[in-house]
Amino acid sequence: MSYPEDPHGPRSYGRMHLVLSHVAAVSFLVMVLSRFEVIPTSFGVIGITFGVLSLVVMFTTRNSDEWIASLWSAGANAGFFAAMAWLLILPFAEGAYDGLLANERRQDLPTDLASFVAMGAFLVAFNLKRLRGY
């Protein structure tokens, strides 16, 4: 006779974490489609809500086992690097390029997209490491 698994054990938290990574990926896709007005912008609010809630629960369950922790670490590192690149490196490169061409324009990189870039990089790195299996 098999007994049900502990609902508060690390294995169930690991499963919940992996399921919520799919929810976060779908909500990110909804946010991007809403941002580019492919779907109505009211769906973007729903995507942001589910994305934030899934990331909060993923954050609380990130240490359920070593593999999940390594997935989270890869995603967090990629998200941080992408946000810093978007906010620091790309504006510097854009300014240097405009200076070389003596073409002074305004900043073309909107800073409000840094959160989209960071979340996208997090999800790409998380899922690529998950697909590779190590």
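The values are calculated or read from the model by the stated rules, or taken from the named source; none is laboratory data. Keep in mind that this is a model prediction, so the values were computed, not measured. Heads up, the Cβs are rebuilt from the backbone with ideal geometry, glycines too, and the neighbour counts pull from every protein chain shown. Note: areas computed on protein heavy atoms with side chains; ligands, DNA, RNA excluded. Shrake-Rupley method; radii C 1.70, N 1.55, O 1.52, S 1.80 Å.
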(request) Set Lys and Arg Cβ to +1 and Asp and Glu Cβ to -1, take the dipole of the chain about its Cα centre, and tell me which of Ser115, Tyr13, Trp86 lies farthest positive. (result) Tyr13
(message) Just want to confirm a number: the relative contact order over the range 8-134, from Cα pairs under 8 angstrom separated by 6+ residues, in percent.
(response) 28 percent
(request) Quick one: compute the contact order of the range 14-75, relative version, from alpha carbon pairs under 8 angstrom and 6+ residues apart, as a percent. (result) 39 percent
(request) Could you grab the relative contact order for the range 51-117? Cα pairs under 8 Å, six or more apart, rounded to a whole percent. (result) 32 percent
(message) Let me check I've understood the local charge: for Ala24, count other residues with C-beta under 14 angstrom from its C-beta, Lys and Arg +1, Asp and Glu -1. What total comes out?
(response) +2
(request) Can you tell me how much longer the chain between Arg132 and Thr60 gets when fully stretched, taken as 0.36 nm per residue apart minus their C-alpha distance, in nm with one decimal? (result) 23.6 nm
(request) Could you order Glu94, Glu104 by accessible surface area, starting with the largest, using a probe radius of 1.4 Å? (result) Glu104, Glu94
(request) Can you sort Phe122, Phe36 by 1.4 Å-probe accessible area, starting with the largest? (result) Phe36, Phe122
(request) Could you please put Tyr97, Tyr13 in sequence from largest to smallest accessible area, using a 1.4 Å probe? (result) Tyr97, Tyr13
(message) Tell me the carbon and sulfur percent of the accessible area for the chain, rounded to whole percent, probe radius 1.4 Å.
(response) 70 percent
(request) Could you state the accessible area per residue of the chain in Å², with a 1.4 Å probe and every protein chain left in place? (result) 67 Å²
(message) Only helices at least 18 Å long along their own axis, judged from Cα atoms, and with Kyte-Doolittle mean hydropathy of 0.0 or greater: name those in the chain from DSSP H.
(response) 10-35, 41-60, 66-84, 114-132
(message) With just the Cα atoms defining each centre, how far is the range 40-68 from the range 84-134? Give it in Å.
(response) 22 Å
